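What follows is a set of notes on a single structure, which appears directly below.
The values are calculated or read from the model by the stated rules, or taken from the named source; none is laboratory data. The shown structure was predicted, so the numbers you read here are calculated from the model rather than taken from an experiment. Neighbour counts are summed over all protein chains in view; Cβ atoms, including those assigned to glycine, are modelled from backbone coordinates with ideal geometry. Only protein heavy atoms, including side chains, enter the accessible area calculation; ligands, DNA and RNA are left aside. Shrake-Rupley method; radii C 1.70, N 1.55, O 1.52, S 1.80 Å.
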Amino acid sequence: MRAISLVNRLEFQFMGNVARNAVTLGDIDNDGCNELIIGNNKGEVAIFKGKEKIKKITDLTFVSCVAVGDIFNKQKNSLVIVTADGWCYIYEVPDDGISLSEEVDGQVQSGEVLEYSTESNRSQGDKDEKPQLVCVHIQRIPANAKNIVLGDIDNDGMIEMILGLTDRVVRSYRWVNEPHKPSETTTAHNPENLQYFGKLIALNKWECANQIGSITLHHTSDGKPSLLIAQPGGTFMRIRCQPDDSGQAQENLELSGSSSDTMPGSAIDYQFLGISRMRNQNISTEILGDFQSGHLESQSEDAKKCPYAVATLDGTIMLVQDEVILWAIAVDHQIFALCKLDVTGNGMDDIVVCSWDGQTYILDQEKNCVRFHLDEPVQAFHCGHYSLTINDEPVTCLVYITFKNTVIVYYDIPLKELKCKKYEPRLDLLRELYMKDGTTPEEAQDVVENLDRKKKSQLIHRLLYNVKKS
Amino acid sequence: MDQLEESHYFHLPSQGNIYTITHLEAANCPHKILVASLKRDIFCIEYQESGGCLIPTTKEVSFTYIPSGAEIISVDAFNKSATKNEFVIGITIIKNSNLLDSSFEYYLNIYSEWEESDDFNIDNIAQNCLNVELSFTPYQLTHTDLIIWENEQITTKEIVFLLSGSDNQIHIYREYTTDHLYKEVDKECFPEFIKTPSPVVWIDIYYNDNYSQRVTAMACECGYVRLTQVCVKTNKLSFNFSTKLNNYISHLRLYPDEKLISLAEKPVNCGLNLVVVNTILPPVLFQNVLVYGLSNYVSLPRHDYTCVLTCCQVADVDFDGEKEILVGNSSEEIMLYKRDPDKGWCLEELKMFASPIISMKYVDLIEDGVNELVVLSMKGVHFLQHDFTHVDRVLNEKIKLVNF
C-alpha cells in the first residue's frame, strides 16, 4: 500500500487529556480563517490560530465536546462547549469586536453574577487588536454528553444541536430567542448581550439500544436529512425528522414545557448493513455521513450520489450508499476516529481514519488508499482545513493530539492523487517526432501507438536527459 | 525540485546508513531498491503495475547467514549478465560473537544465483550464500570492472567487489567460478590501492577511453582525498594527486561533464569532475581533474554551518541539459546546487524532508523514462516522482527542439 511522509508541521503544547470530540476546526471569529479549538479534562479550552495560541478559556469542567456552528441561527458562527457534567457554554466574538474588546471585557466581568460562570476574559494576555471571545450563554443540560453535531436535522432551515450521551440517549436542542424575558444572568445595562436573551430548548430525546459510537447528519440524494447514530458491531440507527411534526412538537414543548420521549413523525429504523462475515457484535463503531462525491456544478448522476462511511475499531472501513456497502477494507489497526476531507482537492471527499497507534489511512471513494504513520500514540484526531495566515486560503490539515501533551498539526498535505502512476507521454506529442519525410499524421500515430514500452521509455529518457534546453 | 513529489514512503524499523541502499536493475521485471537497516532487516521495494496504476510493494527478504544480533554495515549488488538476470548481492555484517567481551566478527556475505535466467527471484538469491570472514571492520562495499589487457585486447572483463576497511586498505574480492567461491585477490591489478592514512569512506571509479584509463577517487575519514589515474593496458599509475580537506568526508563522486550535441549522437565528454562532500565544511567541486588534477576547484556555498552533509547525487533534475548537484544533509534537507553562467555554482533550492537524509539515488525505478529520486532518510525510504504536467511541458519543448 502506498504511504507518504509529511514535512510541514506545527507543534503546540497542550496539557491534559482530550476527549475524542473535544477537538474541532472552525471559524469562530467569522473572519474566514479556520481556527483549531481543543478542550481537555481540566476544563481548559485552547484556541489556536495560525502558528500561535490566541486564547485559552479556563476553569470549566471536563470538556467533552466542542463544536463551531451557527447555533443562534443568525448566520454567524459561535463556539459551543459542552462539559461532561452537563454545562453548555456558548462563546462568541462580538460583531464589532475589535473596538469593543476592552469594553466588553469589563462589562462582562461586571455582569458576571453566576457563581458558576467561568468567564475567560480575565486572561488579558492578548492585548493586541484581536477580537475577544466572550461567553454569551451558559445553560444546564443533562450530563454525560460525548458527541455533538450542529446541523439542521428536520429541514426547517434552523440549526439544531444534537448531543449523544454516554447513557445511550440522543437529545436535540434548538435556540429560541426570548427577547421579552431577559434572563437574570444578563444585566440590563449590557446592550451587547440583548440578542442572546433566550435558551436552548430540548426538542427530542431518543434512546438507543446500545452505546453510541458517533452521531452524524446525513442527507439522502433527494436532500432529506437524517441522523445516523453508530451502534456497536458496524450497525447504526437512523432517525428521520419531519419538519412539520417537529414544528408542532416544538410548540407543544413550549406550551407544556415537558419533553416527550416519542416524537410523532420522527421515524426510526435500525440498519445492519447485511455484513455477512463474522464480526464482534460489541465492537465500537464510527459513522460519518454526507460525503461529497463530485463537483457541485456538475449535475451528473454521480454528483447526486451521497454515500456515508462506517468504520469499526477492529479495522473495517466501509463506504455505504443507500444501505448498500459499496466497498469495505480491513486494516489491522484499531480505528477510533473517522473524518472526511477533500485531501486531493478534486471535489470528492476522502475518508480519513486514524488508529490509536497513529496510523492514518486516507481513502478516496474508489478505494484507493494512502497511509501516513505518526510515530506516536494518538488520543484524539481531527482533520479539515486550517488557516496558517489570515491572507492565505485555508489548507488541508491533519490534527493529532498525542499523549505527550502536544498537538501536532500537519498542514498542506501534498497529495494531488491517491494513485501512483507511471508517466505516460501524450501520443500526439510523440507523434511529431515521426512526422518528418512526408509521413502522414496517421502513419506517425500508428508508429507511436505500436512502440513497445521499453522503446518508448528509452525515447522519453533520451529526450528528457539528452536534449539541451536552448 | 518542487516538481518532485513524494509518490511513496517506506518506514524502516531501524536506521540505515550511507552504505545500505542499492538498486537492482532486473531484466524483464520491475526494478527494485534493496535497503538494509541496522538491525538485520533487509527490504526489497518495487512498484508493481496493476490496472493502469502502480502499487508500491515491499518485501522483507530473509538472507541466510545473518545471525540474530548482527548489524548490517553495507550492501551492494550487480548483475553479471548484460541481458538477463544473474545478480550478485554483497552484504557486510558485524557480529558480536561473545557477549562477555566485546570481540566482534566481521563477514562479507555474497549471495548469488546459480546461473543466469529470465526470472528474478530474490528469495532464491537470498538462500545461496558464500561467506568470507574479514579481519577488519568493513566500510563501503562497491564493485567495479576488473579489466586486463593483453596485446591491445581486453582479455578479462569481470565485475569484482571492492571493500574498504578499518585497516586503511581496499580489498578486492573476485569470484572463482570453478571452485564456486569468492576470494580476496592481490592488488596487482589495482596499483592505485596503496595504503591510505585512515580508512576510506568512499571510493568512486570511472573508466575512460574504452577501458584503457581508470580514474579512481578515494576519500578518507581524516579528510585525505586521493585521485589517481591508471593506464589499464600497462597497469601503471599515470598520475597520483592528493589533498587534505581536514574533516570527515562522507561522499565523493566522479562525473563526466557532458556537452549535449544532438539526440542521435553521444554526448561529448568535456572533462571529468569530482565532487567531495565534507561533513562540516562546504562541498568542494574539482573541475576537469584529468587536466588540472586537484588544483582547479570551487567550493559550493553552504547556507548553514550546523548540519552534517551526508551524501550527494549529480543529475539533471530540471531537464535543462546541465547537471545539478544535490547534497543531502542532517537538517532534513536536500540542497540543489546549480551552475549559473555568470555567478558560478549557487544554492538554488532546498527541499525539506521529514527526517535527516542519509543517502540518495536518481534512477528510473518505474521504467517510464523519467527518473525517480530515491532518498534514504533516518526513518525510511522516500520515493519522489517528477510532476507529470511538468514533464509533459518539458517533453513538448524538447520535441520542438529536436524537430526544428
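Side notes on the structure shown:
- Between A:Glu323 and A:Lys51, the contour length at 0.36 nm per residue exceeds the Cα-Cα span by 93.7 nm.
- Taking all protein chains together and rolling a 1.4 Å probe, B:Leu245 ends up with roughly 30 Å² accessible.
- P(r), alpha carbons of region A:376-455 - 10 Å bins starting at zero, rounded %: 15, 24, 16, 11, 17, 13, 4, 0
- Think of region B:127-211 as a dipole: +1 on every Lys or Arg Cβ, -1 on every Asp or Glu Cβ, centred on the Cα centre; then among B:Pro191, B:Val201, B:Thr155, B:Val201 lies furthest on the positive end.
- Computed E for B:Val268/A:Val447 - FRET, C-beta separation, R0 22 angstrom, nearest 0.05: 0.15
- At 1.306 mPa s and 10 °C, Stokes diffusion of the protein assembly as shown via Kirkwood alpha-carbon radius, µm² per second: 50
- When each of the peptides B:376-389, B:64-77 is scored by the mean number of other C-beta atoms lying within 10 Å of its residues, the order from highest to lowest reads B:376-389, B:64-77.
- The packing ranking of peptides A:58-67, A:401-410, highest mean first, is A:58-67, A:401-410, where packing means the average number of other beta carbon atoms within 10 angstrom of each residue.
- Computed over region A:1-68, the P(r) curve from all C-alpha pair distances, binned at 5 Å from the origin, holds 4, 16, 25, 21, 16, 10, 6, 3, 1, 0 percent per bin.
- Across all directions, the average flat footprint of the convex hull enclosing the Cα atoms of chain B is 21.5 nm².
- Of the Cα atoms belonging to region B:278-404, the radius of gyration and Dmax stand at 16.1, 49 Å.
- In this Cβ point-charge picture (+1 for Lys and Arg, -1 for Asp and Glu), region A:314-470 has a dipole of about 920 debye about its Cα centre.
- Only Lys, Arg (+1) and Asp, Glu (-1) charged, at Cβ; the protein assembly as shown dipole about Cα centre in debye: 1720
- Electrostatic bookkeeping for A:Phe12 treats Lys and Arg as +1 and Asp and Glu as -1; over the other residues with beta carbon under 15 Å from its beta carbon, the sum is +2.
- Buried surface between chains B and A: roughly 4100 Å² of accessible area, summed over both sides, computed with a 1.4 Å probe on protein heavy atoms only.
- Percent carbon-and-sulfur accessible area, the protein assembly as shown, ignoring ligands, DNA and RNA, probe 1.4 Å: 48
- Spatially, region A:391-470 and region A:6-51 are offset by 37 Å when compared through their Cα centroids.
- Residues listed by number, region A:54-93, amide nitrogen under 20 Å from A:Asn30 label point at 7 Å toward C-beta: A:55, A:67-81, A:89-93
- Exceeding the 19 Å Cα-Cα cut-off - candidates B:Lys323/B:Lys398; A:Lys51/B:Lys351; A:Lys421/B:Lys351; A:Lys416/B:Lys398; B:Lys266/B:Lys338; B:Lys32/B:Lys84: A:Lys51/B:Lys351; A:Lys421/B:Lys351; A:Lys416/B:Lys398; B:Lys266/B:Lys338
- Full-extension gain in nm, A:Val7 to A:Lys42, via 0.36 nm per residue minus C-alpha separation: 9.5 nm
- A:Met15 accessible area, 1.4 Å probe, all protein chains in place, Å² to nearest 10: 100
- 12 Å beta-carbon shell around A:Leu288, net charge (K/R +1, D/E -1): -3
- Each of A:Val448, A:Leu464, A:Leu430 was scored by the projection of its Cα onto the charge dipole of region A:419-470, and the greatest displacement toward the positive side belongs to A:Leu464; charges sit on the C-beta of Lys, Arg, Asp and Glu.
- GluC sites (Glu not before Pro) restricted to DSSP loop in region B:111-158 with at most 13 other C-beta within 10 Å: B:Glu115, B:Glu152
- Peptide A:456-462 is shielded by partner chain Cβ atoms: per residue, an average of 5 of them sit within 10 Å of its Cβ.
- For region B:27-178, the direction-averaged projected area of the alpha-carbon convex hull comes to 11.6 nm².
- Charge dipole of the protein assembly as shown about the Cα centre (unit charges at C-beta), most positive-ward option of A:Gln365, A:Cys208, B:Ile45: B:Ile45
- Partner chain coverage, peptide B:311-317 - average Cβ within 10 angstrom: 1
- Within 10 Å of each Cβ in A:4-10, the average number of Cβ atoms from other chains: 5
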